[in-house]
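The values are calculated or read from the model by the stated rules, or taken from the named source; none is laboratory data. None of the values given here were measured: they were computed from a predicted structure. Methodologically, a virtual Cβ is constructed for each residue, glycine included, from the backbone with ideal geometry; neighbour enumeration extends over all protein chains shown. Quick note on the areas: whole protein, heavy atoms, side chains included, nothing else; ligands and nucleic acids left out. Shrake-Rupley method; radii C 1.70, N 1.55, O 1.52, S 1.80 Å.
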Amino acid sequence: MTHSTPSAQKPNPKIWQFEAIGTKWRIDAAADAAQMQVLKQRVHDRIEAFDQAYSRFRNDSLVHSMSLAAGTYTLPQDAQPLFALYEQLYGLTGGLVTPLIGQTLADAGYDADYRFTERPMASPPRWEDVLHWDGDRQLSLDEPALLDFGAAGKGYLIDLLTDCMQQMKITEYCIDGSGDLRHVGSDPMLIGLEDPRDEGLVIGTVTLQNASLCASSGARRAWQGRHHIMNPQTLSSPDAVIATWVITSEARIADGLATALFFVEPEILQRSFAFAYIILYSDGRVRTSQHDGIHIYSGGEVA
Amino acid sequence: MDPSQNESPNKLLFGLLAIVIIGALVGGTIYAKKNESSTPVASTTATQTTQDAEPTTNDTTSSSSQTSTDTTATASSGVYKDGTYTTKTEYFTPGGTESITVNLTISGGTISAASLSQEATQRDSEFYQQSFADSYKSYVVGKSISGLSLSRVAGASLTTQGFNDALDTIRTKAQS
């Protein structure tokens, strides 16, 4: 005869939706009402601390102060994995993914005031020329620089929020930062891959469990012939790749790789990372890695 | 010697030519039917793909390519006459000349059959031609979300009202 202990029973999932760091979030968690109360406060505080360090959209951030003056700065305690990833992506993409893209984005119009009016743009400087990171918490800038962590910042924040979940012993949850999400638990999710050409359509699905999925496309943050992913050399947005999705364990890495796939072929990134991917090109062609959970709706198949 | 030394220029040229051939022959028909709002595949787009994809880590010497087509097709409005089209393309790599042959059968304005003859002789070229063979048939058609039971949809990050308002303001200004 079997019996189950009350402590083994999981609470019904709660859904919490909110806005933060310029996008819409949804957290599903198997937690009771009291836990959710505590969780909301911790998540809110963690996001605020992150935003206050890494956002280029607020005047009180570390990133904002770095944009005003050269010098040596102390990064937050959580900085190492984020900077390490950017260092890797910068190297693998030959500098096409760079945190120094902030000024170029702002001049293109995507600035802190959302002006969306283009000013003269310049290519960002090379990392090695202006930015010296000691691999830990010291960052020195030879000149003021506006950094942007859009390529991987949200994914990293999602990973940091899983720490909140673990601390509270919540074992079934999904943290969805809109386009980037991380699932933990026993029930897989069926996720549609939004067609960037038509948001009412999906080009396929991914079955996701205990992993992260990050999507990237220029579908929403687009203005005057460009979108928020910018090639620092051409000063234009890539247009051959129109959407990417990456599946891997950490959302930080999935997020960064999804951006990098706009610039380099997956084989280049596979030298350093293990991941599954889906790439949609402007001609409607799709390329995916071999992965059981990926199903693409292929309409052009021939015998 | 690090084999990846040859990867970049080899892949650059192969990718360029393969995409140009397939895209030019296929895009006009399939693509025009599937999505009216976008432009047909053009060589420039294919070229762009390769240029964006290549990090400038190696010294690459540019090489020319040659294309020979056995059957001519008039793409006046993106519609090709029925028949079988064969194209053999040779391209230069630092390790030597490679080639690939593509056969397409068009019937009723759509592609009814397609095949490749992978003619690579170098290991890297074989790899890239095989990658292409594995993936070139995949053209997607979106399905409506309303017909599916999805937990979530993953795409570009949703925007806030403030962001949307700012974009609307600019659009209105641009129109006035």
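Miscellaneous remarks
- Condition broken by A:Asp148, with the remaining ones in (1) touching a residue at least 60 places away in the same chain (Cβ under 8 Å); (2) over 23 Å from A:His44 (Cα atoms) satisfied: (2)
- Residues (surrounded by fewer than 18 Cβ atoms within 10 Å (Cβ to Cβ) and of a type in the set (Val, Ile, Thr)) located in region B:145-176: B:Ile145, B:Thr160, B:Thr169, B:Ile170, B:Thr172
- Every residue from region A:18-37 that is open to solvent by 60 Å² or more (accessible area, probe 1.4 Å), of a type in the set (Asp, Glu) and within 14 Å of another protein chain (Cβ to nearest Cβ): A:Glu19
- Of the residues making up region A:243-284, those that are farther than 23 Å from A:Tyr297 by Cα and in contact with an Asp or Glu (Cβ under 7 Å, 6 or more places away or on another chain) are A:Glu250, A:Ala251, A:Arg252, A:Asp255, A:Phe263.
- The C-beta contact set for region A:115-138 (first residue more than 14 Å from every other protein chain (Cβ to nearest Cβ), second residue at pLDDT below 95 and exposed (fewer than 15 other Cβ atoms within 10 Å of the Cβ), distance under 6 angstrom, 6+ apart or interchain) is empty.
- Here the condition is being without any contact (Cβ under 8 Å) to a residue 60 or more places away in the chain, within 30 Å of B:Lys173 (Cβ to Cβ) and among the hydroxyl-bearing types (Ser, Thr, Tyr); of A:Thr248, A:Thr259, A:Thr234, it holds for A:Thr234 alone.
- Residue list for region A:174-223, filter: within 7 Å of another protein chain (Cβ to nearest Cβ) and more than 27 Å from A:Ser237 (Cα to Cα): A:Met189, A:Leu190
- Residues being among the aliphatic types (A, V, I, L, M) and open to solvent by 50 Å² or more (accessible area, probe 1.4 Å) - total across region A:113-141: 1
- Top-ranked residue in region A:153-173 [being within 14 Å of another protein chain (Cβ to nearest Cβ) and touching a Ser or Thr at 6+ places or on another chain (Cβ under 9 Å); ranked as surrounded by the fewest Cβ atoms within 10 Å (Cβ to Cβ)]: A:Glu172
- Qualifying residue in region B:137-153 (condition: touching a residue at least 40 places away in the same chain (Cβ under 8 Å) and either facing another protein chain (nearest Cβ under 10 Å) or among the hydroxyl-bearing types (Ser, Thr, Tyr) (or both)): yes
- So A:Leu280, is it hydrophobic (A, V, I, L, M, F, W, C), surrounded by fewer than 24 Cβ atoms within 10 Å (Cβ to Cβ) and more than 17 Å from the chain's Cα centre (by Cα): no
- Count of region A:78-94 residues which are in contact (Cβ under 8 Å) with a residue 24 or more places away in the chain, surrounded by fewer than 18 Cβ atoms within 10 Å (Cβ to Cβ) and closer than 20 Å to A:Leu141 by Cβ: 3
- Filter pass, A:Leu161 being closer than 19 Å to A:Ala243 by Cβ and either part of a loop (DSSP other than H, G, I, E, B) or in contact (Cβ under 8 Å) with a residue 40 or more places away in the chain (or both): no
- Lone qualifier among A:Asp198, A:Asp239 - being modelled with pLDDT under 95 and more than 22 Å from B:Ile145 (Cβ to Cβ): A:Asp239
- Checking A:Gly218 against (1) over 17 Å from B:Ile145 (Cα atoms); (2) under 18 Å from the mean Cα position of the chain (by Cα); (3) modelled with pLDDT of 95 or more, the condition it does not meet: (3)
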